[in-house]
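Note sheet for the following structure.
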Amino acid sequence: MAATADGYFPISEISTYQNKWVIRARITTKSQLRSFNSKRGDGKVFHIELLDSAGGEIRASFFNEIAEKFYEKLQVGKCYTFSKGSVKVANRQYNSCNHRYEITFEKLTQVEESEDGEKIETVKFAFVDLRTCQTKNMPFTVDLCGIITNAGSSVSFTSKDGKALVKREITVADDSATSMNVTLWGERAQKADSDFQGNPLVAIKGVLVKEWQQGRSGSLLESGHLELNPDVTKPEFEVAQKVQEWWNRGGSSQSISALSQTGGTVGGIRTTGKEVSVAEMRKAADMVGDRQELFTITCRLAVVQTRKQGEVQPMLYMACQEPKDGNGLPCNKRIDSSGFCAACNRAGKAAPKLNIRCRFSDFSDSCWLTCFHEASQKIISMSAEQAQSLEISGGREALEQALKTSFYKKPVQVTVRAKLDTYNGELRSNITAIDAAPVSRRTHGRALLKELEEMLYMA
């Protein structure tokens, strides 16, 4: 039996036929210590995933007394030697590791901290492009690498069993010109909103993909891994470099096929908002309470406000793109006319951002909504760079004429956020378009047919 480079038993060779082994591996993930109830009584458990110098990965579990003994001692990112565990066939319902078996560590298990192994990676990815995800049999688990094209706000809620949860939904697109929604949970969802702004590159390990609203949506497993703006110079992120180049060379303005359908609920909270008419949204927004509310309206773009009382209204502003200290993400703060960023205290790279006011209409009513950068680009089918170039080359009239071609052209599904804001000392409801997407005519058609059936039934 060949040993790994450091002389230990290779994880890839672990099976039920081998019972005398010592492995040396790095802990890449560790779950929370949780309590459970079973027919055998109450217990505690946590899980880890191990990676050795030969690239072998395996999932391991600690139960009861040994779970309490080792939970605080074992740290993610550190290397240890492990021996005297029992091996069984992996349960694919809970195990996303690419190994036929998994380990259960018991009372006689021996664990010793080892010197950091330079040849052991901190995490191992096996990236799959999103177009491939379209044809896989669900449910399945994959590693993804893409650009975050949209990120919702973090949402706190209580599950049916009374557990406090936090989630955030992001949309990831890659160079297969395909996108999918991925839900982040817990600490990953609670990262600062700014971490997800500016279309950062992301590598995600352990995304469980299931059917949702006749589409496909992902959820990052507790044992998964999220890495924002990975170092594309590293060999393991060769795919990330390819995706980043695609985005920079025109992917940002390319037509992208969405695997995920908008609408629906997760844990009792609407993912993109309750589907309502414009009139219903306006009425509900006026009654919004302490918590923000999300709505989804299917409508058409009627007008983009380019002038107010005869004065030209700015539609673009320049945002600082210098990397922030600590995370390397773009600053994205507005710069002054000289190019100076007050947040960074210097002048540097900048990029145009859209901030427009639009009127949307449906059969019931119309409404004015402020639309920020990401939503704006989808609504007018034009990137901020394209709008800026058109205005510079042809003047404001050319830009306005181009915008008019989008008016009433096609239905769009707009996600609206309503919350209370203070304006001149008074509380007012503030409604803003935070996302937009093309309408799935098949899904929308089914919904309309269902409404007709209900109307005929009630007649």
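Check Ser179 against each of (1) in a strand (DSSP E or B); (2) modelled with pLDDT under 90; (3) of a type in the set (S, T, N, Q) and name the one condition it does not meet.
Result: Ser179 passes all but (2).
Six or more apart or on different chains, Cβ atoms under 9 Å: show the pairs whose first residue is in the range 439-455 and in the same structural domain as Thr415 (by TED's automatic domain parsing) and whose second is modelled with pLDDT of 80 or more and basic (Lys, Arg).
Listed pairs, sorted by first residue: Val439/Lys410.
If a residue has to be of a type in the set (Phe, Trp, Tyr) and at pLDDT below 90 to count, how many in the range 22-71 make the cut?
Selection size over the range 22-71: 1.
Which one of these does Ser364 not meet: (1) in the same structural domain as Thr415 (by TED's automatic domain parsing); (2) over 30 Å from His444 (Cβ atoms)?
Of everything listed in (1) in the same structural domain as Thr415 (by TED's automatic domain parsing); (2) over 30 Å from His444 (Cβ atoms), Ser364 misses just condition (2).
Of Arg168, Arg216, Arg188, which residue is in a strand (DSSP E or B), within 11 Å of the chain's Cα centre (by Cα) and outside the structural domain of Ser376 (by TED's automatic domain parsing)?
Within the list Arg168, Arg216, Arg188, the selection yields Arg168.
Keeping to the range 55-73, report how many residues are part of a strand (DSSP E or B) and either in the same structural domain as Leu220 (by TED's automatic domain parsing) or over 31 Å from the mean Cα position of the chain (by Cα) (or both).
Total meeting the criteria: 1.
Scan the range 183-193 and tell me whether some residue there is β-branched (Val, Ile, Thr), surrounded by 16 or more Cβ atoms within 10 Å (Cβ to Cβ), under 22 Å from Thr158 (Cβ atoms) and at pLDDT below 85.
No: the range 183-193 contains no residue that is β-branched (Val, Ile, Thr), surrounded by 16 or more Cβ atoms within 10 Å (Cβ to Cβ), under 22 Å from Thr158 (Cβ atoms) and at pLDDT below 85.
Please go through the range 85-117 and pick out each residue that is farther than 30 Å from Val172 by Cβ, in contact with a Ser or Thr (Cβ under 9 Å, 6 or more places away or on another chain) and part of a loop (DSSP other than H, G, I, E, B).
Gly117
Taking the range 266-291 as the region of interest, how many residues are at pLDDT below 75 and either of a type in the set (A, V, I, L, M, F, W, C) or surrounded by 15 or more Cβ atoms within 10 Å (Cβ to Cβ) (or both)?
Going through the range 266-291 one residue at a time, the tally reaches 7.
If Met138 meets every condition in (1) in contact (Cβ under 8 Å) with a residue 60 or more places away in the chain; (2) crowded, with 21+ Cβ neighbours inside 10 Å; (3) not basic (Lys, Arg) apart from one, which number is that one?
Every condition holds for Met138 apart from (2).
Considering only residues that are in a strand (DSSP E or B) and modelled with pLDDT under 90, look in the range 135-153 and name the one that is farthest from Pro230 (Cα to Cα).
Taking the candidates together, the pick is Phe140.
Quick test of your reading of the structure: Val76 fulfils all but one of (1) under 30 Å from Ser194 (Cβ atoms); (2) surrounded by 13 or more Cβ atoms within 10 Å (Cβ to Cβ); (3) within 22 Å of the chain's Cα centre (by Cα); (4) of a type outside the set (D, E, K, R). Name the failing condition by number.
Looking at each condition in turn, Val76 falls short on (3).
If you check every pair at least six apart or on different chains, which have Cβ atoms under 6 Å apart with a residue in the range 108-121 that is modelled with pLDDT of 80 or more first and a residue that is part of a loop (DSSP other than H, G, I, E, B) and surrounded by 17 or more Cβ atoms within 10 Å (Cβ to Cβ) second?
Close Cβ pairs (under 6 Å, with a partner that is part of a loop (DSSP other than H, G, I, E, B) and surrounded by 17 or more Cβ atoms within 10 Å (Cβ to Cβ)) amount to Ile120/Ser53.
The values are calculated or read from the model by the stated rules, or taken from the named source; none is laboratory data. None of the values given here were measured: they were computed from a predicted structure. Counting neighbours? That spans all protein chains shown, and the Cβs are built from the backbone with ideal geometry, glycine included.
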